[in-house]
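To keep things clear, I will list the structure first and then write my remarks on it.
Read-outs throughout are calculated quantities, based only on the coordinates presented, and are distinct from any laboratory measurement. Remember, predicted model here, so these are calculated numbers, not experimental data. Counting neighbours? That spans all protein chains shown, and the Cβs are built from the backbone with ideal geometry, glycine included.
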C-alpha cells in the first residue's frame, strides 16, 4: 500500500509540473529595442529554442524573424532614398 501511495504521489507531482508559458515579444517591441531583438535572435538561432521542432520554433521565433526582416527592409529603403536624394539635387 505504501508503494502505491508513493507512486501516486510521484505521478501527481509530475503531472502538476506544467511547462511555463514563454512571453514572446511582439514585432513592434523587437523593432523598438535592438538589444531585445539580438537577444531573441540568439535564443532562436543558437541557444534556448534552436533545438526545438520546426512548429514549436516557428511559434516562438516568428516575430523575431519578422522584426529582423522589417528592419533590414527599412535600412535598405533608407539607403536607397539617401542615394536617390543625393543624385537628384542640383549641384551649384
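Every listed requirement among (1) within 13 Å of residue 24 (Cα to Cα); (2) over 10 Å from the mean Cα position of the chain (by Cα); (3) surrounded by 14 or more Cβ atoms within 10 Å (Cβ to Cβ) is met by residue 49 save one, (2).
Scanning region 28-46 for residues that are surrounded by 12 or more Cβ atoms within 10 Å (Cβ to Cβ) and outside any helix (DSSP H, G or I) turns up just one, 33. Residues of region 70-83 include at least one that is surrounded by 14 or more Cβ atoms within 10 Å (Cβ to Cβ), touching a residue at least 24 places away in the same chain (Cβ under 8 Å) and either at negative phi or not in a helix (DSSP H, G or I) (or both).
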